[in-house]
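A.B. asks: One structure, pasted below without further comment.
The values are calculated or read from the model by the stated rules, or taken from the named source; none is laboratory data. The structure presented is a predicted model; accordingly, all values stated were derived computationally and were not measured. Counting neighbours? That spans all protein chains shown, and the Cβs are built from the backbone with ideal geometry, glycine included. Heavy atoms of the whole protein, side chains included, go into the accessibility calculation; ligands, DNA and RNA do not. Shrake-Rupley method; radii C 1.70, N 1.55, O 1.52, S 1.80 Å.
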Amino acid sequence: MASHETDGDLAARLAREAGELLLDLRAQGEFEGRALGQEGDRRANALLMAALKDARPDDGILSEETHDTPERLEKSRVWIVDPVDGTREYGEGRPDWAVHVGLAVDGAAHLGAVALPGMAGQRVLRSDQPIACDPTTCRPRMVVSRSRPPAEAEKAAAAVDAEIVPMGSAGAKAMAVVRGAAEIYLHSGGQYEWDSCAPVAVALGYGLHCSRLDGSPLRYNARDTYLPDLLICRPDLADGILGAIS
């Protein structure tokens, strides 16, 4: 049965509920490490898939943890979710992981919510309810993958005199820029639509620059879900970074 919640309220509620489930599972201590990550993925995905099918039965769904089918390609509205973004970090007991609930409309990241359950305050950041942040006056900080830093990072950092900061999941890195804990998130070398749809929607809602590394728009609900690179940053830094890596 379709829900009367707004899309934004639905996305935020489901991201929060999945995050709470994951915290509870970790606290129980029944699973550890990789097994904890796998079980968390399974349970959070079951929650999100069931809730979205009930609340928005006419929409498509794309999830990292569910077998993809071509039916979503015929839909204008497609929910793109990552039940545990940063499964490794979650299983290791680290705080830098996230839950993504995004909505793509006609191929664009239209709306999203990203929960950060492991971080202080257990925040859910929403594209439709941006919170004003004071612009930083410090040296720009660029968050990159802690296990696979992109080859372009050094060039980009040099162009804007940025400090490179390794961090875990894609959602945690994107939300670091949204929260003002960093100014740049640059990634290359492999991601999929579920890694960036919700974070990009939230970042756009906060007025940040979001693009591929060649400056082109990020597009979603494609037949091939591989979307290997992105740049999220303060708008005033974008031209310098894109120019340096072009």
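A.B. asks: Counting residues that are within 26 Å of Leu62 (Cα to Cα) and touching a residue at least 60 places away in the same chain (Cβ under 8 Å), which helices (runs of 4 or more DSSP H) fully inside region 138-246 reach at least 2?
C.D. replies: Where helices (runs of 4 or more DSSP H) fall fully within region 138-246 and carry at least 2 residues being within 26 Å of Leu62 (Cα to Cα) and touching a residue at least 60 places away in the same chain (Cβ under 8 Å), they are 170-179, 193-205.
A.B. asks: Could you list, in sequence order, the residues of region 121-130 that are surrounded by fewer than 16 Cβ atoms within 10 Å (Cβ to Cβ), in contact (Cβ under 8 Å) with a residue 12 or more places away in the chain and either within 21 Å of Arg234 (Cα to Cα) or over 17 Å from the mean Cα position of the chain (by Cα) (or both)?
C.D. replies: Gln129
A.B. asks: Suppose we filter region 44-103 for residues that are open to solvent by less than 20 Å² (accessible area, probe 1.4 Å), assigned to a strand (DSSP E or B) and charged (D, E, K, R); how many remain?
C.D. replies: Qualifying residue count, region 44-103: 2.
A.B. asks: A further question follows. I'd like to check something: does region 112-119 contain any residue that is open to solvent by 60 Å² or more (accessible area, probe 1.4 Å), under 22 Å from Tyr206 (Cβ atoms), among the hydrophobic types (A, V, I, L, M, F, W, C) and at pLDDT below 95?
C.D. replies: The answer is no, given that none of the residues of region 112-119 is open to solvent by 60 Å² or more (accessible area, probe 1.4 Å), under 22 Å from Tyr206 (Cβ atoms), among the hydrophobic types (A, V, I, L, M, F, W, C) and at pLDDT below 95.
A.B. asks: Just to verify a result, which residue in region 29-43, among those that are touching a residue at least 12 places away in the same chain (Cβ under 8 Å) and charged (D, E, K, R), is least open to solvent (accessible area, probe 1.4 Å)?
C.D. replies: Within region 29-43, the match that is least open to solvent (accessible area, probe 1.4 Å) is Asp41.
A.B. asks: Keeping to region 87-134, report how many residues are within 18 Å of Thr6 (Cα to Cα) and of a type in the set (Asp, Glu).
C.D. replies: Of the residues in region 87-134, 1 are within 18 Å of Thr6 (Cα to Cα) and of a type in the set (Asp, Glu).
A.B. asks: How many residues are open to solvent by less than 50 Å² (accessible area, probe 1.4 Å) and more than 18 Å from Thr87 (Cβ to Cβ) when one looks only at region 15-28?
C.D. replies: So the answer is 0.
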